[in-house]
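Scroll down for the structure; my scribbles are underneath it.
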Amino acid sequence: MTARISTIHELDSVEILVSLPDVPLEDPEAGDAPLHTGDRGVVVFVYDDERAFAGELFRGEETVAIADVTPNQIRLMESHAPTSDKKEVLSGTFHS
């Protein structure tokens, strides 16, 4: 897979690209299904090294989980911050 540069920052809308079965769900009414491809959320924190993000993930209008994710686990859906606040990260391929 070829890496691409995306701009991801706090309050951006993102979509999960992979299943995250180990992330506990916060809402008991969300069911037992783990987080999976296509679930969506909002970035609530960008870690200093910009290699990970904290995301608030939703099903419908309800928060179902708060999870740490890496750039290769999410894709940018919609950006919400001013251009000066954006942080570039390598998305699509995670490099350690």
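Since every read-out is calculated from the coordinates, none of them should be taken as a lab result. As the structure is a computational prediction, the values presented were derived from the model and not from experiment. In this analysis, Cβ positions are derived from the backbone assuming ideal geometry, glycine residues included, and neighbour counts consider all displayed protein chains.
Please give the length that would be gained between ALA54 and LEU11 if that part of the chain were fully extended, namely 0.36 nm times their separation in residues minus their C-alpha to C-alpha distance (nm, one decimal).
Once the chain is fully extended between ALA54 and LEU11, it gains 14.4 nm.
Please list 57-65, 18-26 highest first by mean number of surrounding beta-carbon atoms within 10 Å per residue.
Values: 57-65: 15.4, 18-26: 13.9.
Ranked from most to least packed, the peptides come out as 57-65, 18-26.
Whose amide H sits under 5 Å from the amide H of ARG51, counting only residues 5 or more places off or on another chain, with H placed in the peptide plane?
none
What is the gain in length, in nm to one decimal, between THR37 and THR63 on full extension, counting 0.36 nm per residue of separation less the C-alpha to C-alpha distance?
Net length gain for the segment: 7.7 nm.
Name the residues whose placed amide hydrogens come within less than 5 Å of the amide hydrogen of ARG59, ignoring near sequence neighbours (fewer than 5 apart) on the same chain.
Counting only residues 5 or more places away or on other chains, the set is VAL64.
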